[in-house]
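Structure, as C-alpha coordinates:
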Amino acid sequence: MSNKLNKESVIEILRTVNDPELNRDLVSLNMIKDVVVEDGNVSLSVVLTTPACPLKNHIKNDVKNAIEKLEGVADIKINMTAVVPQDKAILDKGNKSLKNIIAISSGKGGVGKSTVAVNIAVALSVAGSKVGLMDADIYGPNIPIMMGLSKLPQPKDGKLIPAEAFGVKVISIGFLVKDGQPLIWRGPLLHSTIKQFIEDVEWGPLDYLIVDLPPGTGDVQLSLSQHIPVTCGVVVTMPQQVSVDDASRGIEMFQKLGIPIAGVIENMGGLELPDGSVINVFGSGGGEDMANKYGLDFLGRIPLDPNIRIHGDSGKPIVVNNPNAKVSVIIKNITGKIASYISQLVLKE
(Lines give C-alpha, C1' and ligand atoms only; values in the text may rest on other atoms or scores of the structure.)
Protein backbone atom coordinates (compact mmCIF):
# COMPACT_ATOMS: atom_id res chain seq x y z
CA MET A 1 0.00 0.00 0.00
CA SER A 2 1.31 3.43 -0.98
CA ASN A 3 1.74 6.01 1.77
CA LYS A 4 1.14 8.87 -0.70
CA LEU A 5 -1.57 11.09 0.68
CA ASN A 6 -4.72 11.12 -1.42
CA LYS A 7 -8.34 10.05 -1.12
CA GLU A 8 -7.59 6.50 -2.23
CA SER A 9 -4.78 6.00 0.30
CA VAL A 10 -6.97 7.33 3.13
CA ILE A 11 -9.76 4.90 2.25
CA GLU A 12 -7.28 2.05 1.87
CA ILE A 13 -5.64 2.58 5.26
CA LEU A 14 -9.06 2.79 6.92
CA ARG A 15 -9.67 -0.78 5.78
CA THR A 16 -7.36 -1.67 8.67
CA VAL A 17 -9.70 -0.04 11.22
CA ASN A 18 -12.45 -2.28 12.57
CA ASP A 19 -15.67 -1.55 14.36
CA PRO A 20 -14.88 -3.35 17.66
CA GLU A 21 -18.42 -4.70 18.03
CA LEU A 22 -19.25 -5.60 14.45
CA ASN A 23 -15.74 -7.03 13.87
CA ARG A 24 -15.55 -5.67 10.32
CA ASP A 25 -13.57 -2.80 8.88
CA LEU A 26 -15.20 0.61 8.59
CA VAL A 27 -14.86 0.78 4.81
CA SER A 28 -16.64 -2.52 4.10
CA LEU A 29 -19.34 -1.48 6.59
CA ASN A 30 -19.84 1.67 4.48
CA MET A 31 -19.16 3.84 7.52
CA ILE A 32 -16.58 6.11 5.83
CA LYS A 33 -18.11 9.00 3.89
CA ASP A 34 -17.16 12.35 2.33
CA VAL A 35 -13.39 11.86 2.25
CA VAL A 36 -11.64 15.04 1.11
CA VAL A 37 -7.86 15.48 0.88
CA GLU A 38 -6.44 18.91 0.08
CA ASP A 39 -2.98 20.36 0.80
CA GLY A 40 -2.33 17.83 3.54
CA ASN A 41 -5.68 18.41 5.19
CA VAL A 42 -7.90 15.34 5.54
CA SER A 43 -11.59 15.55 6.34
CA LEU A 44 -14.16 12.75 6.44
CA SER A 45 -17.30 11.52 8.15
CA VAL A 46 -17.63 8.32 10.16
CA VAL A 47 -21.24 7.14 10.03
CA LEU A 48 -21.94 5.04 13.13
CA THR A 49 -24.90 2.69 13.48
CA THR A 50 -26.28 4.55 16.51
CA PRO A 51 -25.75 8.01 18.01
CA ALA A 52 -25.55 6.25 21.40
CA CYS A 53 -22.49 4.22 20.37
CA PRO A 54 -20.43 3.69 23.56
CA LEU A 55 -17.24 3.29 21.51
CA LYS A 56 -17.61 6.52 19.54
CA ASN A 57 -14.40 8.10 20.88
CA HIS A 58 -12.50 4.82 20.56
CA ILE A 59 -13.41 4.54 16.87
CA LYS A 60 -12.59 8.21 16.24
CA ASN A 61 -9.14 7.78 17.79
CA ASP A 62 -8.49 4.62 15.74
CA VAL A 63 -9.39 6.47 12.54
CA LYS A 64 -7.15 9.42 13.45
CA ASN A 65 -4.21 7.16 14.38
CA ALA A 66 -4.50 5.23 11.11
CA ILE A 67 -4.54 8.35 8.93
CA GLU A 68 -1.55 9.80 10.78
CA LYS A 69 0.53 6.91 9.42
CA LEU A 70 0.26 8.41 5.92
CA GLU A 71 2.96 10.84 4.77
CA GLY A 72 2.16 14.51 4.46
CA VAL A 73 -0.80 14.75 6.82
CA ALA A 74 -1.08 18.26 8.23
CA ASP A 75 -4.55 18.21 9.80
CA ILE A 76 -7.37 15.72 10.31
CA LYS A 77 -11.03 16.61 10.78
CA ILE A 78 -13.40 13.76 11.62
CA ASN A 79 -17.15 14.30 11.70
CA MET A 80 -18.83 11.61 13.81
CA THR A 81 -22.43 11.04 12.73
CA ALA A 82 -24.87 8.14 12.74
CA VAL A 83 -27.58 6.43 10.70
CA VAL A 84 -29.52 3.79 12.64
CA PRO A 85 -30.19 0.63 10.60
CA GLN A 86 -33.77 -0.64 10.32
CA ASP A 87 -35.00 -4.00 11.56
CA LYS A 88 -35.76 -5.87 8.33
CA ALA A 89 -38.77 -7.59 9.90
CA ILE A 90 -40.39 -4.19 10.52
CA LEU A 91 -39.59 -3.05 6.97
CA ASP A 92 -41.12 -6.24 5.59
CA LYS A 93 -44.38 -5.23 7.30
CA GLY A 94 -44.37 -2.11 5.13
CA ASN A 95 -43.32 0.31 7.89
CA LYS A 96 -40.52 2.50 6.53
CA SER A 97 -40.54 5.16 9.24
CA LEU A 98 -40.12 2.96 12.34
CA LYS A 99 -36.69 1.36 12.53
CA ASN A 100 -36.51 -0.61 15.79
CA ILE A 101 -38.73 -1.56 18.73
CA ILE A 102 -37.37 -2.17 22.24
CA ALA A 103 -39.77 -3.81 24.71
CA ILE A 104 -38.97 -3.21 28.40
CA SER A 105 -40.33 -6.00 30.60
CA SER A 106 -40.46 -7.10 34.22
CA GLY A 107 -42.04 -10.09 35.86
CA LYS A 108 -43.59 -8.06 38.69
CA GLY A 109 -44.57 -4.50 39.48
CA GLY A 110 -42.57 -2.13 41.63
CA VAL A 111 -39.13 -2.87 40.19
CA GLY A 112 -38.75 0.53 38.53
CA LYS A 113 -39.34 -0.72 34.99
CA SER A 114 -41.12 2.46 33.84
CA THR A 115 -38.42 4.65 35.35
CA VAL A 116 -35.79 2.65 33.48
CA ALA A 117 -37.80 2.87 30.23
CA VAL A 118 -38.17 6.65 30.55
CA ASN A 119 -34.49 7.23 31.20
CA ILE A 120 -33.38 4.92 28.38
CA ALA A 121 -35.71 6.76 25.97
CA VAL A 122 -34.42 10.16 27.05
CA ALA A 123 -30.79 8.98 26.95
CA LEU A 124 -31.25 7.82 23.35
CA SER A 125 -32.85 11.15 22.44
CA VAL A 126 -30.13 13.23 24.09
CA ALA A 127 -27.53 11.21 22.16
CA GLY A 128 -29.20 12.29 18.91
CA SER A 129 -31.70 9.52 18.06
CA LYS A 130 -35.34 9.96 17.05
CA VAL A 131 -37.24 8.25 19.84
CA GLY A 132 -40.81 7.30 20.68
CA LEU A 133 -42.06 6.00 24.03
CA MET A 134 -45.22 3.89 24.18
CA ASP A 135 -46.70 3.43 27.64
CA ALA A 136 -48.28 0.00 27.20
CA ASP A 137 -48.61 -0.48 30.97
CA ILE A 138 -52.38 -0.09 30.66
CA TYR A 139 -53.16 -0.66 34.34
CA GLY A 140 -50.44 1.65 35.70
CA PRO A 141 -49.72 4.36 33.11
CA ASN A 142 -47.06 6.39 34.92
CA ILE A 143 -45.05 7.60 31.94
CA PRO A 144 -46.85 10.99 31.56
CA ILE A 145 -45.97 11.97 35.14
CA MET A 146 -42.33 10.97 34.73
CA MET A 147 -42.06 12.92 31.46
CA GLY A 148 -43.83 16.00 32.84
CA LEU A 149 -46.75 15.66 30.40
CA SER A 150 -50.48 15.97 31.02
CA LYS A 151 -52.29 15.84 27.67
CA LEU A 152 -52.02 15.01 23.99
CA PRO A 153 -52.16 17.59 21.20
CA GLN A 154 -55.34 17.71 19.14
CA PRO A 155 -55.70 14.75 16.72
CA LYS A 156 -54.99 15.50 13.07
CA ASP A 157 -56.40 13.75 10.00
CA GLY A 158 -57.82 10.95 12.14
CA LYS A 159 -54.49 10.25 13.84
CA LEU A 160 -53.43 10.72 17.46
CA ILE A 161 -50.53 13.14 17.81
CA PRO A 162 -48.09 12.06 20.52
CA ALA A 163 -47.08 14.44 23.27
CA GLU A 164 -43.39 15.35 23.34
CA ALA A 165 -40.79 16.05 26.02
CA PHE A 166 -36.99 16.01 25.95
CA GLY A 167 -37.17 15.15 22.24
CA VAL A 168 -39.17 11.96 22.97
CA LYS A 169 -42.63 11.40 21.46
CA VAL A 170 -44.95 9.85 24.04
CA ILE A 171 -48.29 8.02 23.93
CA SER A 172 -50.06 6.63 26.98
CA ILE A 173 -53.53 5.53 28.04
CA GLY A 174 -52.90 7.95 30.91
CA PHE A 175 -53.63 10.81 28.49
CA LEU A 176 -57.00 9.32 27.57
CA VAL A 177 -58.59 8.59 30.96
CA LYS A 178 -59.38 10.76 33.97
CA ASP A 179 -56.96 10.85 36.89
CA GLY A 180 -57.62 7.98 39.26
CA GLN A 181 -60.04 6.23 36.91
CA PRO A 182 -59.47 2.46 37.12
CA LEU A 183 -59.19 0.44 33.92
CA ILE A 184 -61.03 -2.86 34.18
CA TRP A 185 -60.36 -4.24 30.73
CA ARG A 186 -60.33 -7.70 29.23
CA GLY A 187 -58.26 -8.95 26.33
CA PRO A 188 -60.17 -7.48 23.34
CA LEU A 189 -59.98 -3.91 24.67
CA LEU A 190 -56.28 -4.26 25.46
CA HIS A 191 -55.70 -5.71 21.99
CA SER A 192 -57.46 -2.81 20.26
CA THR A 193 -55.59 -0.23 22.35
CA ILE A 194 -52.18 -1.64 21.47
CA LYS A 195 -53.24 -1.77 17.81
CA GLN A 196 -54.34 1.87 17.98
CA PHE A 197 -51.08 2.95 19.63
CA ILE A 198 -49.15 1.38 16.75
CA GLU A 199 -51.34 2.13 13.74
CA ASP A 200 -53.31 5.27 14.66
CA VAL A 201 -50.54 7.42 16.15
CA GLU A 202 -48.60 9.84 13.93
CA TRP A 203 -45.18 8.82 15.22
CA GLY A 204 -43.21 10.14 12.26
CA PRO A 205 -39.70 8.77 11.61
CA LEU A 206 -38.30 6.92 14.65
CA ASP A 207 -34.95 5.25 15.18
CA TYR A 208 -36.25 3.55 18.32
CA LEU A 209 -39.70 2.98 19.79
CA ILE A 210 -39.43 2.10 23.48
CA VAL A 211 -42.41 0.09 24.73
CA ASP A 212 -42.98 0.04 28.49
CA LEU A 213 -44.82 -3.26 29.00
CA PRO A 214 -47.06 -4.00 31.99
CA PRO A 215 -45.71 -6.44 34.58
CA GLY A 216 -46.20 -10.11 33.86
CA THR A 217 -46.75 -12.05 30.68
CA GLY A 218 -50.32 -11.36 29.59
CA ASP A 219 -52.52 -9.98 26.82
CA VAL A 220 -50.54 -6.79 26.12
CA GLN A 221 -47.33 -8.69 25.44
CA LEU A 222 -49.12 -11.05 23.06
CA SER A 223 -50.97 -8.23 21.30
CA LEU A 224 -47.77 -6.26 20.74
CA SER A 225 -45.94 -9.22 19.21
CA GLN A 226 -48.92 -9.96 16.94
CA HIS A 227 -49.15 -6.43 15.53
CA ILE A 228 -45.54 -5.62 14.79
CA PRO A 229 -42.12 -7.33 15.06
CA VAL A 230 -40.28 -6.45 18.26
CA THR A 231 -36.56 -5.98 17.58
CA CYS A 232 -35.47 -6.96 21.08
CA GLY A 233 -36.56 -7.18 24.69
CA VAL A 234 -34.90 -5.90 27.87
CA VAL A 235 -35.69 -7.44 31.26
CA VAL A 236 -35.61 -5.32 34.44
CA THR A 237 -35.38 -6.94 37.85
CA MET A 238 -34.51 -6.06 41.41
CA PRO A 239 -31.71 -8.06 43.10
CA GLN A 240 -34.02 -9.91 45.52
CA GLN A 241 -34.92 -13.52 44.76
CA VAL A 242 -38.68 -13.03 44.49
CA SER A 243 -38.16 -10.36 41.80
CA VAL A 244 -35.63 -12.51 39.95
CA ASP A 245 -38.02 -15.47 39.92
CA ASP A 246 -40.76 -13.34 38.39
CA ALA A 247 -38.40 -11.71 35.90
CA SER A 248 -37.35 -15.15 34.70
CA ARG A 249 -40.88 -15.56 33.35
CA GLY A 250 -40.35 -12.42 31.29
CA ILE A 251 -37.24 -13.96 29.75
CA GLU A 252 -39.11 -17.15 28.93
CA MET A 253 -41.97 -15.11 27.45
CA PHE A 254 -39.61 -13.34 25.05
CA GLN A 255 -38.03 -16.66 24.15
CA LYS A 256 -41.40 -18.29 23.39
CA LEU A 257 -42.41 -15.31 21.25
CA GLY A 258 -39.11 -15.50 19.36
CA ILE A 259 -38.00 -12.04 20.51
CA PRO A 260 -34.22 -11.60 20.95
CA ILE A 261 -33.19 -10.34 24.40
CA ALA A 262 -30.63 -7.55 24.64
CA GLY A 263 -29.98 -8.36 28.28
CA VAL A 264 -30.90 -7.94 31.93
CA ILE A 265 -30.82 -4.76 34.03
CA GLU A 266 -30.61 -5.01 37.81
CA ASN A 267 -32.42 -2.00 39.27
CA MET A 268 -32.40 -0.72 42.86
CA GLY A 269 -28.96 -2.07 43.67
CA GLY A 270 -26.88 -0.81 46.58
CA LEU A 271 -27.79 2.41 48.39
CA GLU A 272 -24.69 4.56 48.84
CA LEU A 273 -24.61 6.42 52.16
CA PRO A 274 -22.96 9.85 52.72
CA ASP A 275 -19.87 8.17 54.24
CA GLY A 276 -19.36 6.12 51.07
CA SER A 277 -20.54 2.81 52.51
CA VAL A 278 -23.20 0.83 50.63
CA ILE A 279 -26.29 -0.92 51.98
CA ASN A 280 -27.77 -3.63 49.76
CA VAL A 281 -31.37 -3.01 50.78
CA PHE A 282 -32.78 -5.57 48.33
CA GLY A 283 -29.78 -7.86 48.18
CA SER A 284 -27.17 -7.93 45.44
CA GLY A 285 -26.29 -9.80 42.29
CA GLY A 286 -29.66 -11.42 41.54
CA GLY A 287 -29.97 -9.84 38.10
CA GLU A 288 -26.43 -10.77 37.09
CA ASP A 289 -26.94 -14.35 38.28
CA MET A 290 -30.16 -14.58 36.26
CA ALA A 291 -28.43 -13.24 33.14
CA ASN A 292 -25.68 -15.83 33.53
CA LYS A 293 -28.22 -18.61 34.05
CA TYR A 294 -29.94 -17.82 30.74
CA GLY A 295 -26.75 -16.96 28.85
CA LEU A 296 -27.76 -13.32 28.44
CA ASP A 297 -25.77 -10.10 28.66
CA PHE A 298 -25.86 -8.37 32.03
CA LEU A 299 -26.38 -4.76 30.97
CA GLY A 300 -25.65 -3.18 34.31
CA ARG A 301 -26.67 -2.46 37.89
CA ILE A 302 -28.53 0.78 38.67
CA PRO A 303 -28.03 1.89 42.29
CA LEU A 304 -30.89 2.65 44.65
CA ASP A 305 -30.74 6.44 44.45
CA PRO A 306 -33.52 8.66 45.90
CA ASN A 307 -32.76 11.27 43.24
CA ILE A 308 -34.12 8.95 40.52
CA ARG A 309 -37.50 9.02 42.25
CA ILE A 310 -37.33 12.76 42.95
CA HIS A 311 -36.59 13.63 39.32
CA GLY A 312 -39.20 11.17 38.08
CA ASP A 313 -41.92 12.62 40.31
CA SER A 314 -41.06 16.13 39.09
CA GLY A 315 -41.29 15.10 35.42
CA LYS A 316 -37.58 15.65 34.79
CA PRO A 317 -35.75 12.30 34.22
CA ILE A 318 -32.42 12.19 35.97
CA VAL A 319 -30.37 11.50 32.81
CA VAL A 320 -31.35 14.91 31.45
CA ASN A 321 -31.78 16.88 34.69
CA ASN A 322 -28.51 15.68 36.24
CA PRO A 323 -26.57 14.06 33.37
CA ASN A 324 -23.27 13.84 35.23
CA ALA A 325 -24.67 12.02 38.27
CA LYS A 326 -23.22 8.56 38.82
CA VAL A 327 -26.55 6.88 38.21
CA SER A 328 -27.07 8.88 34.98
CA VAL A 329 -23.71 7.73 33.64
CA ILE A 330 -24.63 4.12 34.45
CA ILE A 331 -27.99 4.42 32.66
CA LYS A 332 -26.35 6.00 29.60
CA ASN A 333 -23.81 3.17 29.49
CA ILE A 334 -26.65 0.63 29.63
CA THR A 335 -28.46 2.50 26.87
CA GLY A 336 -25.35 2.39 24.69
CA LYS A 337 -25.12 -1.38 25.17
CA ILE A 338 -28.74 -1.84 24.08
CA ALA A 339 -28.25 0.33 21.00
CA SER A 340 -25.08 -1.56 20.08
CA TYR A 341 -26.86 -4.89 20.51
CA ILE A 342 -29.54 -3.74 18.09
CA SER A 343 -26.96 -2.62 15.53
CA GLN A 344 -25.22 -5.99 15.64
CA LEU A 345 -28.52 -7.86 15.51
CA VAL A 346 -29.99 -5.89 12.60
CA LEU A 347 -26.81 -5.86 10.51
CA LYS A 348 -26.52 -9.64 10.79
CA GLU A 349 -29.91 -10.12 9.17
Considering only protein heavy atoms, what per residue accessible area in square angstrom results for the stretch 94-160 with a 1.4 angstrom probe? 38 Å²
DSSP beta bridge pairing in the chain, given as percent antiparallel to the nearest 5: 25 percent
Give me the one-decimal nm value for the distance between modelled label points at residue 39 and residue 91, 7 Å along each residue's Cα-to-Cβ direction. 4.2 nm
So the angle from the long Cα axis of helix 187-199 to the longest Cα principal axis of the chain, reported in degrees to the nearest 10, equals 30 degrees
So how much accessible area does residue 53 have, in Å² to the nearest 10, using a 1.4 Å probe? 20 Å²
If the chain between residue 75 and residue 200 were fully extended at 0.36 nm per residue, the gain over the current Cα-Cα distance would be 39.9 nm
Using +1 at the C-beta of Lys and Arg and -1 at the C-beta of Asp and Glu, which of 91, 124, 32 has the Cα lying farthest in the positive direction of the dipole of the stretch 1-147? 91
To the nearest 10 degrees, how steeply does helix 326-348 sit against the main Cα axis of the chain, on a 0 to 90 scale? 70 degrees
Under 5 Å between amide hydrogens, which residues at least 5 positions from residue 129 or on another chain qualify, with H placed 1.01 Å from N in the peptide plane? none
Give the peptides 125-133, 273-281 in descending order of average Cβ contacts within 10 Å, highest first. 125-133, 273-281
So which residue, out of 31, 134, 290, gets the largest mean-square fluctuation from a GNM of the chain using Cα contacts under 10 Å as springs? 31
Straight-line reach from residue 113: which aspartates and glutamates fall under 16 Å, measuring Cα to Cα and dropping same-chain residues less than 8 apart? 135, 137, 212, 245, 246, 266, 305, 313
Cβ-placed point charges (K, R +1; D, E -1), dipole of the chain about Cα centre in debye, nearest 20: 440 debye
Per residue, how much accessible area does the stretch 262-309 have with a 1.4 Å probe, in Å²? 50 Å²
Quick check: Cα centre of the stretch 281-304 to Cα centre of the stretch 64-125, how many Å? 23 Å
With every protein chain present, what is the per residue accessible area of the stretch 17-59 (1.4 Å probe, Å²)? 45 Å²
Give me the percent of the accessible area of the stretch 197-300 that comes from carbon and sulfur atoms, probe 1.4 Å, all protein chains in place. 49 percent
Would you kindly calculate the mean projected area, averaged across all directions, of the convex hull enclosing the Cα atoms of the chain, in square nanometres? 20.2 nm²
What 222 nm value per residue comes from the helices of the chain, counting each DSSP H run with n ≥ 4 as -39,500 (n - 2.57) and dividing by all residues, nearest 500 deg cm²/dmol? -10500 deg cm²/dmol
Quick one: with all protein chains in place, what share of the accessible area of the stretch 104-176 is carbon or sulfur, to the nearest percent (1.4 Å probe)? 52 percent
Amide H of residue 82: which non-local residues (sequence gap of 5 or more, or other chain) have their own amide H closer than 5 Å, using H built in the peptide plane? 48
Tell me the volume per residue, in Å³, of the convex hull enclosing the alpha carbons of the stretch 225-349. 131 Å³
Share of carbon and sulfur in the accessible heavy-atom surface of the stretch 1-80 [1.4 Å probe, %]: 41 percent
Expressed as an acute angle from 0 to 90° and rounded to the nearest 10, what is the orientation of the C-alpha long axis of helix 56-67 relative to the principal long axis of the chain? 10 degrees
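The values are calculated or read from the model by the stated rules, or taken from the named source; none is laboratory data. Source: prediction; values computed, not measured. FYI the Cβ positions are ideal-geometry reconstructions off the backbone, even for glycines, and counts take in every protein chain you see. Please note that ligands, DNA and RNA were not included when accessible areas were found on the heavy atoms of the full protein model with its side chains. Shrake-Rupley method; radii C 1.70, N 1.55, O 1.52, S 1.80 Å.
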